[in-house]
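Reviewing the structure listed below.
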Amino acid sequence: MRRTLLVCAIVMSTLGWLAPPAGAAPPLPTVSGSWSWVVTGFNTLAAEPAIITVAATTDKVDADTSSLEALRSNPGPDGISLREAIEVTNNDPGSYAIAFSAALIGTTITLGEYLPPLTGGGVSIEGDINGDGTPDVTLVTTLQEEWSRAIQIASSGNRLHGLTLKGFAVGVWIDPATGAHGDELPTHQTLADNVISGLAILGFGADGIYFHSPASPDCGYGKPDPCRTYITFANTTITGNTIEALDAGLNMQIGNSGDRIEGATVTDNTIKLGGGAGLELGQAGNPGDDGVPAQISDVLIARNSIEGIGVVGINVMAGGSRAQGSTTEGVRVLDNRIHLVPQKGLSTCFGIDVLAGTDAWYTIWPDVDPVRYPDGNVLRDVEVAGNTLSGDLTHGVLVAAGSGGAAGSRNHVLDVQIERNVISTNVIGMGVSLSVGAADERLNHWATGNQITGVEISANRISTGRTRLPGFGQWHLDVGGGIVLVGGISLSRDGVIRDVRIAENEIKVKFAAVHGGIKLIGGMGPTARRNRVTRVRLVANHVSGTRPAVSVRSNIDARTNYASLGGS
Ligand SMILES: [Ca+2]
Ligand SMILES: [Ca+2]
């Protein structure tokens, strides 16, 4: 029964059905069990939210927070604090709009402990008091905890707008676990229709906004068994925020079996990085290890600006670390601007990654048995179009299956469009790169049967530079180029890249000695076996700055691999 309702919530959210009919308040499918509107009908829902005006910059609770009426009649000597306002929305759930009095323009509220998570649902917090589009109230904390957070969303239909959150490890934490249940994990909950906009999340904490699968001491990250929680993050909107981060501007990595991201819109955010990633979307940890994978669908990532020091601008993934059988599908990465230079100590720097099955458990948690690899993940229907990528990128757009230090097997990336991007890097790198299996030979584990099929690479303008990065040596010359396809690297066996159309790209290579604007390479490295690149169609591309324009090699320091424009 409960799961049936959840499926309804998912489907309807995806269709946008939850937008209210004119004159009626939207039904708010908060955490499971909030479906009473089905029985009671629309008439029981208040049309207008009740307004709570915060007048105190203190962080005290000296009021009666049992209801809004009680709070108004007994707010305490300091008036209504933000903490008291949120307590009321939790103690007496309904539709609320939390505002701040005009006297609070330019003020700072210092939190002495976490604010209560938003558990009631249907709460908006508006910090843009004068309505000019910029935040007027700042939240800071005295907590020095590793995962300090400003605001936690643990329900549906909430809206955060116009606040500055400064010096927290995480600005907004979206997680149904409230701590009230002790170590008991919440399960089968849906957090839907939350909107986070116009926030300034400053001070270079770890993550700006974090979709967090509930944690447990007994399962999940760093444990032998995954947690199975069936949490759905549905129809989340993140728009127009300014974020400074060291780990991830937006961390959308779900970590438990059965968890889902169903519909997310991430647009017009400005992300400044001091390390890490602008946006991480994928499954991380060990979901699916028990046969119940975590799934992601229908995500729009558009018009965001990401710049600074980092590893990757936007990382779209099916299956990270030990995730098994994940599916990520329907992701559109459009018209973003990314300008990055590598993090200190690292040479690689990626603009946009499109990955299935990457990295491995024991590279993160070496003591956790059994050792397993990210196997059988599928990433499909991904569009990367109209983006502008620049800086010291080793890879502009990377599409990879079974990649990372210790790659998995049978991962598949399919149906990808890479179109109309402008990619210019200072480095002797790759504009667009498709590669299978980059397993570290020291780990002695084969990445087998990974595939990339059905890729359109068209109308991109690509320019690669002259800068050599430390530690790459011959690599620059072997794989440097505008568009580079490698069927299998090092411990890759039976890797496949097939059905790729490369059309009307403009490629400028500034370092002539890479010898190839478009490269097809069957396999690289002495342990690469039976990998192949086939059925690649080239139409009207223009290459300048290097000869030949197109290079096809079956093996580089390898044998038994195969590359061909035709073939089967
Ligand atoms: Ca008070
Ligand atoms: Ca303002």
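Just so you know, in the stretch 71-117 the residues that are β-branched (Val, Ile, Thr) and assigned to a loop (DSSP other than H, G, I, E, B) include one that is farthest from ligand 1 (Cβ to nearest atom), and it is Ile105. Considered as a group, the residues in the stretch 512-528 that are among the β-branched types (Val, Ile, Thr) and not in a helix (DSSP H, G or I) include one that is surrounded by the fewest Cβ atoms within 10 Å (Cβ to Cβ), and that residue is Thr527.
One line per residue, one yes/no per condition, for (1) touching a helix residue (DSSP H, G or I) at 6+ places or on another chain (Cβ under 9 Å); (2) in contact (Cβ under 8 Å) with a residue 24 or more places away in the chain; (3) more than 20 Å from Ala200 (Cβ to Cβ):
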position: Gly76; (1), (2), (3): yes, no, yes
position: Ile80; (1), (2), (3): yes, yes, yes
position: Ala85; (1), (2), (3): yes, yes, yes
position: Val88; (1), (2), (3): yes, yes, yes
position: Gly94; (1), (2), (3): yes, yes, yes
position: Ile98; (1), (2), (3): yes, yes, no
position: Gly106; (1), (2), (3): no, yes, no
position: Ile109; (1), (2), (3): yes, yes, no
position: Pro116; (1), (2), (3): yes, yes, yes
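Residues in the stretch 297-310 that are outside any strand (DSSP E or B) and in contact with a strand residue (DSSP E or B) (Cβ under 6 Å, 6 or more places away or on another chain) were compared, and the one that is surrounded by the most Cβ atoms within 10 Å (Cβ to Cβ) is Gly310.
One line per residue, one yes/no per condition, for (1) under 23 Å from Asp392 (Cα atoms); (2) within 12 Å of the chain's Cα centre (by Cα):
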| residue | (1), (2) |
| --- | --- |
| Gly278 | yes, yes |
| Gln283 | no, yes |
| Ala302 | yes, no |
| Ser321 | no, no |
| Gly325 | no, no |
| Asn336 | yes, no |
| Pro342 | yes, no |
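Taken across the stretch 215-224, residues that are surrounded by 20 or more Cβ atoms within 10 Å (Cβ to Cβ), within 22 Å of Val123 (Cβ to Cβ) and either touching a Pro at 6+ places or on another chain (Cβ under 6 Å) or among the hydrophobic types (A, V, I, L, M, F, W, C) (or both) do not occur at all.
Please specify each residue of the stretch 214-244 satisfying the condition of being at pLDDT below 90 and under 30 Å from Thr267 (Cα atoms). Scanning the stretch 214-244 gives Ala215, Tyr221.
The set of residues in the stretch 100-130 that are within 16 Å of ligand 2 (Cβ to nearest atom), buried (at least 20 other Cβ atoms within 10 Å of the Cβ) and either under 20 Å from Thr190 (Cβ atoms) or small (Gly, Ala, Ser) (or both) contains only Gly127. Residues in the stretch 62-76: is at least one away from ligand 2 (no atom under 16 Å from the Cβ) and closer than 14 Å to Thr119 by Cβ? Scanning the stretch 62-76, I find at least one residue that is away from ligand 2 (no atom under 16 Å from the Cβ) and closer than 14 Å to Thr119 by Cβ, so the answer is yes.
The values are calculated or read from the model by the stated rules, or taken from the named source; none is laboratory data. What you see is a predicted model; the values in this text were computed from it and never measured. As a convention, Cβ positions derive from the backbone with ideal geometry for all residues, glycine included, and neighbour counts pool all protein chains shown.
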